[in-house]
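J.: Below are the structure tokens for one structure; questions will follow.
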């Protein structure tokens, strides 16, 4: 079971309008640096519902999906 | 040439349908019609954090307190229980006690609709929306696409992309004209591609009920049936003059539709055809049982309709009213004006007259009522009635009201009549919270 969890994200907007997330702030205040972006594509969230631009991010040696949906960011949090 | 059996004459007769010919109209066109399946319900499921919802019967319904408590859409599971669009929530619950009811979220549906249209635009710039959940796509002339088989490949890809990116499914029809493409998308649901090409005319299209063709509603189908015309092939075999004599100019159009001869192009995305009519309707919280209540509601409806007319720089030369009584019986009445107007006062005067002539409110109260401005003409062409002697005062007042509303919001100015009893109103018309904002 996963829960759709909206998070604060620090991102870079480049000169042609691309958005790259750099840092995710978790609910408890912990910051997670995005080490690399592996993939970017429009995609539905099959685990939590909704759709947006899905960033496959490398964070602390693991892969995680970060969605940019309607001007908000969310992750599929494991319960 | 095809052979068909005529039941009346007991003869086998032959008719030529140019659609089956290799050199017919529309040859070489590739048109898709995409229909997002059970749109409102699919969006609610796709957006729900509870993923088990896909295996449950779900329906989207209107606001019960506002008496809009009907089923607006249902998913495939709910369909299995016989839940129907437009039926009362209580009836649907009787059929399916485990039915999950969800409120409607139009902003969400619009977001999905816009995203789907963006996906279509990756394949062609000719994307003509038909409602929130349907669209035609013209692929003719696109690189490497010259047959309906190529169209099928694109249709399958579109369905795959919709599923991956939005999490919803679509049925797509592929043909060489808009009418048969739409017929194809209705043919197999959900999540399917149907090709209706020339070589399938005799076997698949011709025997289909005439009511399956776009724009053939219940009354047209009944009228056709009364002449023994039941299938698309039957319509295609008729003399077009005969069809015109029984259905008016729509008969001629139907003739071309059923023969696959509709040549109407798919519009460029963003091209908005001029409106042929503008209307608003409402189901108030209480039944309309007196003329004064009806006038109050009509006043607000006329106000919003006329605002829209003036915003589009048009006037109307006719009014059509639709009514639904407490027995859920619907009927329409219309009146022609001898001058063009966009004044709410004019519309109110004529609609009240039409209402008084059409309905006995004390005998049969109304559940809902709507007014539609028809026969629209550009506002800049002066059309003065011989009997109109206001010297343009109404236009000056309307123009001032429009300016005020532009600056301070729609509800900043209203007729005194609508201040009488706000509780009887309370509907939201075209994004304006007309009466709930009257404080």
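The values are calculated or read from the model by the stated rules, or taken from the named source; none is laboratory data. These numbers come from a predicted model, not from an experiment. We place every Cβ from the backbone using ideal geometry, glycine too, and count neighbours over all the protein chains shown.
J.: Inspect all residues belonging to the range A:26-37 and state whether any of them is outside any strand (DSSP E or B), in contact (Cβ under 8 Å) with a residue 12 or more places away in the chain and within 14 Å of chain B (Cβ to nearest Cβ).
T.: No - not one qualifying residue is present in the range A:26-37.
J.: Residues that are outside the structural domain of residue B:347 (by TED's automatic domain parsing) and without any contact (Cβ under 8 Å) to a residue 12 or more places away in the chain: does the range B:273-287 have at least one?
T.: For the range B:273-287, residues outside the structural domain of residue B:347 (by TED's automatic domain parsing) and without any contact (Cβ under 8 Å) to a residue 12 or more places away in the chain: present.
J.: Among the residues of the range A:38-58, count how many are surrounded by 16 or more Cβ atoms within 10 Å (Cβ to Cβ) and away from chain B (no Cβ under 14 Å).
T.: Selection size over the range A:38-58: 2.
J.: Show me the helices (runs of 4 or more DSSP H) entirely contained within the range B:36-117 in which 3 or more residues are without any contact (Cβ under 8 Å) to a residue 40 or more places away in the chain. Before the answer, list the steps.
T.: Working: elements: B:39-47, B:76-80, B:89-95.
Of the helices (runs of 4 or more DSSP H) lying wholly inside the range B:36-117, those with at least 3 residues that are without any contact (Cβ under 8 Å) to a residue 40 or more places away in the chain span B:76-80, B:89-95.
Here's the yes/no breakdown for (1) at pLDDT 85 or above; (2) in a strand (DSSP E or B); (3) not assigned by TED's automatic domain parsing to the domain that holds residue B:296:
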position: B:337; (1), (2), (3): yes, yes, no
position: B:360; (1), (2), (3): yes, no, no
position: B:388; (1), (2), (3): no, no, no
position: B:398; (1), (2), (3): no, no, no
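J.: Could I ask something else about it? Hey, any hits in the range B:269-278 for a residue that's under 30 Å from residue B:223 (Cα atoms) and either modelled with pLDDT of 90 or more or crowded, with 18+ Cβ neighbours inside 10 Å (or both)?
T.: Among the residues of the range B:269-278, at least one is under 30 Å from residue B:223 (Cα atoms) and either modelled with pLDDT of 90 or more or crowded, with 18+ Cβ neighbours inside 10 Å (or both), which makes the answer yes.
J.: Please find, among B:62, B:28, B:24, B:86, the residue that is closer than 24 Å to residue B:187 by Cβ, at pLDDT below 90 and surrounded by 15 or more Cβ atoms within 10 Å (Cβ to Cβ). Explain how you work it out, then say what you get.
T.: Values: B:62 fails: closer than 24 Å to residue B:187 by Cβ; B:28 fails: surrounded by 15 or more Cβ atoms within 10 Å (Cβ to Cβ); B:86 fails: surrounded by 15 or more Cβ atoms within 10 Å (Cβ to Cβ).
B:24 is the lone residue from the list that is closer than 24 Å to residue B:187 by Cβ, at pLDDT below 90 and surrounded by 15 or more Cβ atoms within 10 Å (Cβ to Cβ).
J.: Out of everything in the range A:59-77 that is within 14 Å of chain B (Cβ to nearest Cβ) and not in a strand (DSSP E or B), what residue ends up being surrounded by the most Cβ atoms within 10 Å (Cβ to Cβ)?
T.: By that ranking, first place goes to A:70.
J.: Just need a number here: residues in the range B:339-349 that are part of a helix (DSSP H, G or I) and buried (at least 19 other Cβ atoms within 10 Å of the Cβ).
T.: 4
J.: Something else about it: Among the residues of the range A:3-25, what is the count of those that are assigned to a loop (DSSP other than H, G, I, E, B) and either at positive phi or under 10 Å from the mean Cα position of the chain (by Cα) (or both)?
T.: Within the range A:3-25, residues that are assigned to a loop (DSSP other than H, G, I, E, B) and either at positive phi or under 10 Å from the mean Cα position of the chain (by Cα) (or both) number 1.
J.: Mind checking which residues of the range B:36-55 are more than 14 Å from chain A (Cβ to nearest Cβ) and surrounded by fewer than 23 Cβ atoms within 10 Å (Cβ to Cβ)?
T.: B:37, B:39, B:55
J.: Taking the range B:118-136, which residues are under 20 Å from the mean Cα position of the chain (by Cα) and either within 11 Å of chain A (Cβ to nearest Cβ) or not in a loop (DSSP other than H, G, I, E, B) (or both)?
T.: Start the filter on the range B:118-136 by keeping residues that are under 20 Å from the mean Cα position of the chain (by Cα), which leaves B:127-136.
Hits for the range B:118-136 are B:127, B:128, B:129, B:134, B:135, B:136.
J.: So, one more: With B:266, B:305 as the choices, which residue is buried (at least 19 other Cβ atoms within 10 Å of the Cβ) and in a loop (DSSP other than H, G, I, E, B)?
T.: B:266
J.: A follow-up question, please. Looking at the range B:201-244 only, could you name the residues that are in a loop (DSSP other than H, G, I, E, B) and free of Cβ contacts under 8 Å to residues at least 24 places away in the same chain?
T.: Correct list: B:217, B:227, B:229, B:230, B:238, B:239.
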